[in-house]
Each structure stands twice: as structure tokens, then as C-alpha cells.
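Asks: Take this structure first; my questions come after.
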Amino acid sequence: MKLFAPHQKDFYKADHRSQYPKGTEVIYSNFTARSGKHSNVPNSKGVLFVGLQLFIIDYLINEWNDSFFNKPKEEVVEKYRQRISKALNKDFDIKHIRELHDLGYLPVSIKAMAEGSFVPYKVPVLTIKNTIPEFYWVTNMLESVLSCELWPLITTATTYREYLKTFYEYAELTGSETSFVPFQAHDFSYRGMFGREAAAKSGLAGLLTGSMGTDCIPAIDLAEEYYPNPEEFKDEFIAGSVSATEHSVMGSNIELLVNSNMSRSDAEMQVFKELITETYPDGIVSIVSDTFDFWNVVTEILPKLYKEVVSRNGKLVIRPDSGSPVKILCGNLEFTDYDSTDSNLPKFKSLKQIEEYLVEEEFSVDDGWRSNSDDTETKTDIHYFRFKDTYYKFEQVSNYICNSDWNGLEGYCHLQDTSHTLEIYNRTPQEKGLVECLWEIFGGNLTHKGYKVLNEKIGAIYGDSITLDIQKKILEKLKSKGFASSNVVLGVGSFSLTYVTRDSHGFAMKATSAIIDGKRIDIYKDPKTDDGTKKSAKGLLMVTNINGTFELMDQVTPKEEARGCLEKVFENGKLLKNYSLMEVRNLVKSGIDREIVKNC
């Protein structure tokens, strides 16, 4: 897709040149995430800044050169005049466009935070100004395209950073290998994105955070082109995926065998066996397992293929693709763990103590009332819990005598008697969940913190509807059951990456300073009808690093503005600072590490 660079703006930007005060020489603006009140990241405090280098090279340099500066002047100037004049219904003055073409480059200077920095709200990620007085109009002419291109990448990166941070936190809690974390938030979003360019750029944003699992091939192309690693690290692993099946593959193979008079379960087992012994005898292979009966695969087929799985030179990854992710992976039984390290739960040394506690405790985990024919009511409470790796069912039945005219008001029913039972509870596979079922079949090891890790020959991935909230619930429930966080890979889809807008982090580009007739003035906005979110900074800006936290100072002097954390990265058509993928990833990881240590 080839676009005409001067057209990449809102129409109302076209004539702002004539609206500024006469004598305007410099317009100085900033791009800032103002608020997280609509953020998809829980308790967000800022944004992860990435993507500017892509924007500079792809648009400010390449697109302007290819579609404007390197084209015949009369051709491109007339193209611009026709488009704007027809749309605004006036004979538009294009003298300034001719002058820009004669100049041969965009006369602006951009200073920015280092890519990979976590920048708090209300602290600018970049500032931009014109470098030649007569081109003061160029600064804010770039607002539309700059915002359009940067907010999605920054928002995706901020979301991905949260996925990775949560995985690192649970790896620390459960003793998992942190080297596996970059592969746990796998990018499955391509088909659900807003076009191929959006998919590639969003995928790149994920890679810049340090995520290395992706099914978005063009994202890797962008990483190599726009964030190349140094020559000595040019072969450094960027990202990748694994061989995997889809439903059409499973369905066609299974149905072919069923049509030859084989039972569906036997047919599915044969397809699994051929895939792991003939098609993929080595390496990692992911097999979608819910084309028909997922729990039959888990309880019948996998145990029968135990020898083939553990003797392979590689890992078999089981992929459920429907149902509740938390329940499928972790089980659908709600229980209390009385052998947990959670300090909020009571500590007991015996079942007797637990039984006495439950008899005295009023609870209604799975309560049910039943009206009897003799003006009595029966209330049944069921409580499931785990103690020393065994699950129990505690059931208490309470009988009430009620007035014949009982209408549900308190005091009309009186407790007659209660009885209870306590017994070992044999859970169903659905109540255990996939990870525990795989543990029972294939076993595994314990981390140094005592959490279970599945046999290296078997694994699990779930890639449907994994939001940040669902990710946290999965890892927390696995932890409560004694399983390490490294037992699962979770797919990040378009739901999590596209249910966002520019307002998710309140992005805005606003001018804060101008030079008019040689005099610098502070400009700002502070709408009385707003809650303060849209109040902008004033004057020249400087970002400082105070004890590891970035802070904004506004209305600073030109000398102060030249210092601070904002570094000049682009000026007069030239890229001045070149970030490598490795450099950005390292900065992201160091920020995550500091935050985890601080939270602990």
C-alpha cells in the first residue's frame, strides 16, 4: 500500500498555517499519555514507549522521500492542491508546499525517551518542534499521523509488558525457569487485527517488549528491518513458533478413518499417534485436541500413547480451544486449600480440626434449600477442600421447622437438627483440569520452591480469550493447586490487543510553547469542563529521572530543556539515534525487574 505523505493528516490541519499569529517562528509540542482511567491494564501507572524508530524511518523519511521529495515538484504539488481545494471548496494556496519540496526534507526535530522506557502518565514520551522559522506549520501538521501510528504500538507494548511482568512474578513465586517466560505470551492476534499492516506493527510491539513467541511472521520482518541488532548479534533469535495442527487437519484425518468403519475415538488416537511418531518424530508439536471430545483425548487417548510421548525427542503440546480457559486448564472445582501457604487461611494439623471448624462455621459454598411437604425446610451446604494433597467433600444438612404460613421472613423457620458427613472426594477430569490430568499421566518434577512442573515431554497451551485478568486467574489457581507457572503457554489474541483506543491511555499531542516575533510564550489548555485529565503542560519541557522514576518539569529554560531524559533522535530528515531490538528488550526487562523487586 503506497500512500501520499502530505495527505496523511486530518483536513482541518491543512489550513492551520494561516491561523497561527503573524510572526510565528517555532511551534513546540509534545506527545503524552495523560491517563489510565480507560486502560485495559489493571492499576496501570504509565505506558511502555516503543515504535518511534519505525515511524521515523517508515514515514518521516521513506514515505516523504518516496511519495513527495523524490517526485517531480509540479506533479506532487498539483496532486496536493487538487485534493485539498476540492475537499475544502476553495482555491487553496500551496506556496508553502512548493517551498517544502524545494527544501527536500522535513524541517523538524524530535527528542524522545529511550525506546523500552516505562513512562508514567502525564510525562511526555517525545517533544517535536520545527527547525526553520517559515516551516512552523509542519510541527502540528504531523499530529494526526504521529498519533495514529504511535498510540497502537505503545498500547500493545504496554499490554504485552503486563503479560510478561505477571509471568515473571509467578515464575518467582513458584520457582519456574524465567528463561521460559518470553515464550509464554504467544501472539495469536494476526487474523483478528485491523489489516495486515496493523497486525505486523502490533506484532512488532510485542517483540520489542521481549516476547519471543509469535505466529505473526511479518512482525519478525519488521524487527529485522527497523530494529536490526548489531552485526555481531545479527543471528540472535528474535521470535518463533512451533509446528501445530488446526481443526481442518484433525477433522479431515479423523473423518477419513471413521468412514472406513473405525470408531471415532480409535480414529482420533491413530491420528495423534501418526502425528507424533511419523509426521513429527522430533521437536515440539502442538495438537489441537477439542475437535470432538477433549476429555476423551485427555483420559483415554493420552494414557494409551504414554510410551510414544515420553520416548519422542521433543515435546507434545496439548491445545484445547474452547470452553472456559481457567476451568479447562485448572479444573472447575472451587475448593479451599487448608494446606496452603496463604496466610489468610486457617492452619490445621488434622482432618478432625478441619471438621470441627466446618461444623461450627456458617458457610454456604454450594447451598440449596428444599421445601418439604410437611412445612419443613432442608438446607444443604457442600464444601470441597484440599488437605495434604487429598481432596475432601464436607456436606452438612440442616432441617428447619416452619410455620404453615411461612412467607420467607426471618424468624418463621427454626432449626430442628443438623448432620454432616466428611469423605474423600474423587474428582472428575473436568474438576481436575488439564494440567493436573497431564501430571497424573506423565508425572514431572518439583521446582526449588516445591511446585510441580510437568514432564518435559508434555505441555499445554490455551489461546482463546486470554485477557490479563484470565491470565492472572489461571496462574493463581495453578499456584493454589501446587503447580508452577511454567506449565502453560497462553495465546494473546486480538481481543486483548484491539479492545483499546487512543483513550485507553489518554494519548494526545499538544503544543506547549511558541516563538512569535522572536519572543517565546508558554501555551497550554485547561478546560474547566474537564476533570483535569486534559490539562496540558506549559512551556518548554524537561523529563528528569528521580530515584528511577521519570518526572516532568514544565516551563523550564531553553538551557534546561536541552538536558534531561529526552534525547534528540530525528532532525531535518535524518535519524540520529538507532535502537536495536536487543537494546530495547534489555531496557524493558530491566524495568520489569525493578518493578517486581519494588512490589516484593
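Asks: With no solvent and one equal point scatterer per Cα, compute the Debye intensity ratio I(q)/I(0) for region 1-153 at 0.10, 0.15 Å⁻¹ and report its log10, rounded to two decimals.
Replies: Values returned for q = 0.10, 0.15 Å⁻¹ are -0.40, -0.85.
Asks: Still on this structure: If you compute log10 I(q)/I(0) by the Debye sum over Cα atoms at q = 0.06, 0.08, 0.09, 0.10 Å⁻¹ for the structure shown, which of [x] -0.33, -0.60, -0.76, -0.94; [y] -0.50, -0.80, -0.93, -1.04; [z] -0.46, -0.73, -0.85, -0.96 do you land on?
Replies: [z]
Asks: Select from LEU438, SER398, LEU475 the residue farthest towards the positive end of the dipole of the chain; place +1 on Cβ of Lys and Arg, -1 on Cβ of Asp and Glu, and compute about the Cα centre.
Replies: LEU475
Asks: Considering only protein heavy atoms, with the full assembly of protein chains and a 1.4 angstrom probe, order LYS432, LYS473 by accessible area, largest first.
Replies: LYS473, LYS432
Asks: If you place +1 on the Cβ of every Lys and Arg and -1 on the Cβ of every Asp and Glu, how big does the dipole about the Cα centre of region 451-600 come out, in debye to the nearest 20?
Replies: Charge dipole of region 451-600: 300 debye, to the nearest 20.
Asks: Rank these by accessible area, largest first, 1.4 Å probe: PHE272, PHE69, PHE237.
Replies: PHE237, PHE69, PHE272
Asks: What aspartates and glutamates sit close enough to LYS481 to cross-link, taking a C-alpha to C-alpha distance under 16 Å and skipping anything fewer than 8 places away on the same chain?
Replies: GLU334, ASP337, ASP339, ASP342, ASP389, GLU431, GLU436, GLU440
Asks: How far, in degrees from 0 to 90, does helix 143-174 lean away from the longest principal axis of the Cα atoms of the chain, to the nearest 10?
Replies: 30
Asks: Oh, and also: Please give every one of the aspartates and glutamates within straight-line cross-link reach of LYS534, meaning a C-alpha to C-alpha distance under 14 Å, and leave out same-chain neighbours fewer than 8 residues apart.
Replies: Result set, ordered by chain and number: ASP503, ASP526.
Asks: To continue, here is another question. Hey, what number do you get for the chain at 222 nm if only DSSP H runs of n ≥ 4 count, each worth -39500 (n - 2.57), divided across all residues, to the nearest 500?
Replies: That comes out to -9500 deg cm²/dmol.
Asks: Can you compute the equivalent ellipsoid semi-axes for region 225-303, i.e. the square root of 5 times each eigenvalue of the Cα gyration tensor, sorted largest first and rounded to whole Å?
Replies: Square roots of five times the eigenvalues give 37, 12, 11 Å.
Asks: When we measure straight from the Cα of LYS79, which lysines land under 18 angstrom away, once same-chain ones fewer than 8 places off are left out?
Replies: Qualifying lysines at Cα under 18 Å: LYS2, LYS9, LYS13, LYS71, LYS90, LYS95.
Asks: Mind ranking TYR80, TYR306 by accessible surface for me, highest first, 1.4 Å probe?
Replies: TYR306, TYR80
Asks: Could you work out what % of the accessible surface of the chain is carbon and sulfur, using a 1.4 angstrom probe and leaving DNA, RNA and ligands out of the count?
Replies: C and S atoms contribute 48 percent here.
Asks: Do you know the relative contact order of the chain, to the nearest whole percent, from alpha carbon pairs under 8 angstrom that are 6+ apart?
Replies: 22
Asks: Could you give the angle, 0 to 90 degrees to the nearest 10, between helix 196-208's Cα long axis and the longest principal axis of the Cα atoms of the chain?
Replies: 80
Asks: Something else about it: Please work out how much accessible surface ASP530 shows to a 1.4 Å probe, ignoring ligands, DNA and RNA, in Å² rounded to 10.
Replies: About 40 Å², rounded to the nearest 10.
Asks: Could you derive backbone 3J(HN,Hα) for region 262-268 from the dihedral phi with the Karplus parameters 6.51, -1.76 and 1.60 (θ = phi - 60°), listing whole Hz in sequence and x where the residue is Gly or Pro?
Replies: Rounded to whole hertz, the list is 9, 5, 4, 5, 5, 5, 5.
Asks: Using each residue's phi in region 113-118, evaluate 6.51 cos²θ - 1.76 cosθ + 1.60 at θ = phi - 60° and report the 3J(HN,Hα) Karplus result to the nearest Hz, with x for Gly and Pro.
Replies: Each residue of region 113-118 in turn: 5, 5, 5, x, 7, 8 Hz.
Asks: Kindly flag which residue pairs out of LYS122/LYS525; LYS111/LYS165; LYS22/LYS574; LYS37/LYS538; LYS122/LYS589; LYS452/LYS477 have an alpha-carbon separation exceeding 19 Å in this structure.
Replies: Over 19 Å Cα-Cα: LYS111/LYS165; LYS22/LYS574; LYS37/LYS538; LYS122/LYS589.
Asks: Residues with amide H under 5 Å of TYR391's amide H, sequence separation 5 or more or different chain, H placed in the peptide plane at 1.01 Å from N; which?
Replies: Sorted by chain and number, the residues that satisfy this are TYR425.
Asks: Using the crude model of +1 on Lys and Arg Cβ and -1 on Asp and Glu Cβ, and no other charge, please compute the dipole size for the chain relative to its Cα centre, in debye to 20.
Replies: Once rounded to the nearest 20, the dipole reads 2620 debye.
Asks: So what is the diffusion coefficient of region 377-519 in µm² per second by Stokes-Einstein at 37 °C and 0.692 mPa s, using a Kirkwood Rh over Cα pairs?
Replies: It comes out at roughly 157 µm²/s.
Asks: Give me the angle, in degrees from 0 to 90, between the Cα long axis of helix 217-226 and the longest principal axis of the Cα atoms of the chain, rounded to the nearest 10.
Replies: Result, in degrees: 40.
Asks: Among all stretches of the chain without exposed GluC sites (Glu not before Pro) (DSSP loop, at most 10 other Cβ atoms within 10 Å), which one is longest?
Replies: 1-361
Asks: With the cut-off at 32 Å, tell me which of the pairs LYS201/LYS479; LYS307/LYS393; LYS352/LYS432 have Cα atoms farther apart than that.
Replies: LYS201/LYS479; LYS307/LYS393
Asks: Counting heavy atoms of the protein chains only and a 1.4 Å probe, report the per residue accessible area for the chain as a whole number of Å².
Replies: With the other protein chains kept in place, the chain gives 48 Å² per residue.
Asks: With r as the distance between the Cβ atoms of ASP102 and LYS559 and R0 = 25 Å, compute the FRET efficiency 1/(1 + (r/R0)^6) and round to 0.05.
Replies: About 0.15, to the nearest 0.05.
Asks: Could you pull out the chymotrypsin sites (Phe, Trp or Tyr not before Pro) across region 456-564 that fall in loop regions by DSSP (anything but H, G, I, E, B) with no more than 16 other Cβ atoms inside 10 Å?
Replies: Those that pass, being in a loop and sparsely packed, are TYR499, TYR524.
The values are calculated or read from the model by the stated rules, or taken from the named source; none is laboratory data. Here the structure is a predicted model, which is why all the values come from computation and not from measurement. In this analysis, Cβ positions are derived from the backbone assuming ideal geometry, glycine residues included, and neighbour counts consider all displayed protein chains. Ligands, DNA and RNA are excluded from the accessible area calculation, which covers all protein heavy atoms including side chains. Shrake-Rupley method; radii C 1.70, N 1.55, O 1.52, S 1.80 Å.
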